[in-house]
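Enquirer: Starting off with a structure, shown below.
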Amino acid sequence: MTLSVIITTRDRATDLQRTCDAVMQLRPAPNEVLVTADGCTDGTLHMVADKFPEITLIANQPGIGSVASRDRMMRQARGDLVLALDDDSYPEQLDCIVRIVPLFAQRPKLAVLHFPQRTDEYPETLANTDFGPEHLTRSFANSGAVLRRATYLQLPGFEPRFFHMYEEPDYALQCVAAGYDVLFSPVITIRHHYSGQARDEMRVHHRHARNELWSTLMRCPFPFALGILGWRVFSQFRYACKRGWSWVIREPTWWCQALAGIPSCLRKRTPVSWASYKRWLALL
């Protein structure tokens, strides 16, 4: 099996250079590396072209979002497998490819393989050596996951309208409903420096909540979708309440965004069976 690497980035040239340096040291090397600079204005394009001429560089101007960028690279990549990374994450094991490929060869129903992350977001993970056993999951992180490309092309894939956030659980639901596995495995680890640059907690919350609701509209069968939609709105509002009044009074921001996208979600609606949806919900 061949393997491609895809990375999305926006105005984090220093972080991206560190990640690309790490990827270029992998042995064996990936068959190709694709980087999408999404609306970058900080010299990222020049840095990649100058220091990593072997990388396939895609420039979006203006930006179209990390989700649409990943979807396009998934379709453009030539590898049987695609290792998705963020601009601030990379595998810690230089021989990661020879560890990953056999798992896909042995498991024809494996659609996504993802790994424990040592991340600055959770400092306790930096010294962790025991991340637990393999198990099936209902989501994964595109900052360190390998996707079987043939499976991806059979399914709707990442929803470009999401722009950023929630494409992973939405795609995991598609996989589970189609009879494929999303597997967590400690066969390798990911070092995620988790850059704080260009991160806004409230904006992240709003996008996550909006996209979660849109995913429910597109995937959950009626009449069950009505109850799930209500629960989604309630649980996100409850989270905002825990963060304080400044969050509560801004909660309607994502409600308005979600309402505006409902017609598009209904046009793209491809509901799974309720049994499949429940099976996905029951996963960790």
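The values are calculated or read from the model by the stated rules, or taken from the named source; none is laboratory data. Treat the numbers as computed from the prediction; the structure is a model and nothing was measured. Counting neighbours? That spans all protein chains shown, and the Cβs are built from the backbone with ideal geometry, glycine included.
Enquirer: Report yes if L83 is of a type in the set (A, V, I, L, M, F, W, C) and without any contact (Cβ under 8 Å) to a residue 12 or more places away in the chain, otherwise no.
Expert: Spelling it out, it is not the case that L83 is of a type in the set (A, V, I, L, M, F, W, C) and without any contact (Cβ under 8 Å) to a residue 12 or more places away in the chain.
Enquirer: Looking at T44, is it more than 17 Å from the chain's Cα centre (by Cα) and among the polar types (S, T, N, Q)?
Expert: yes
Enquirer: So, in the stretch 1-12, how many residues would count as being more than 11 Å from V35 (Cβ to Cβ) and not in a loop (DSSP other than H, G, I, E, B)?
Expert: Qualifying residue count, the stretch 1-12: 2.
Enquirer: Any residue that is assigned by TED's automatic domain parsing to the domain that holds F115, within 13 Å of L113 (Cα to Cα) and not polar (S, T, N, Q) - is there at least one of those in the stretch 153-167?
Expert: no
Enquirer: Right, something else. It is to be established whether one or more residues within the stretch 149-169 are more than 19 Å from L281 (Cα to Cα), of a type in the set (K, R) and in a strand (DSSP E or B).
Expert: Looking through the stretch 149-169, none of the residues is more than 19 Å from L281 (Cα to Cα), of a type in the set (K, R) and in a strand (DSSP E or B).
Enquirer: Six or more apart or on different chains, Cβ atoms under 8 Å: show the pairs whose first residue is in the stretch 1-19 and in the same structural domain as T56 (by TED's automatic domain parsing) and without any contact (Cβ under 8 Å) to a residue 40 or more places away in the chain and whose second is outside any strand (DSSP E or B) and among the small types (G, A, S).
Expert: Within 8 Å, the pairs are A13/G43.
Enquirer: Listed residues T189, T216; which is surrounded by 15 or more Cβ atoms within 10 Å (Cβ to Cβ), closer than 25 Å to A111 by Cβ and touching a strand residue (DSSP E or B) at 6+ places or on another chain (Cβ under 8 Å)?
Expert: Exactly one residue qualifies, and that residue is T189.
Enquirer: If you don't mind, there's one more thing I want to ask. What number of residues within the stretch 104-120 are surrounded by 16 or more Cβ atoms within 10 Å (Cβ to Cβ) and assigned to a helix (DSSP H, G or I)?
Expert: 1
Enquirer: Is there any pair linking a residue in the stretch 223-246 that is free of Cβ contacts under 8 Å to residues at least 24 places away in the same chain to one that is charged (D, E, K, R), with Cβ under 6 Å and at least six apart or on different chains, and which?
Expert: Short answer, once both residue conditions are applied: R232/E212; F237/E251.
Enquirer: Return the residue satisfying two criteria in turn: it lies in the stretch 174-226 and is over 27 Å from W274 (Cβ atoms), part of a helix (DSSP H, G or I) and more than 16 Å from the chain's Cα centre (by Cα), and of such residues it is modelled with the lowest pLDDT.
Expert: Among residues in the stretch 174-226 that are over 27 Å from W274 (Cβ atoms), part of a helix (DSSP H, G or I) and more than 16 Å from the chain's Cα centre (by Cα), the one modelled with the lowest pLDDT is E201.
Enquirer: Only one residue in W255, W280 is farther than 27 Å from V182 by Cα, assigned to a helix (DSSP H, G or I) and not assigned by TED's automatic domain parsing to the domain that holds F158. Which one?
Expert: On inspection, the qualifying residue turns out to be W255.
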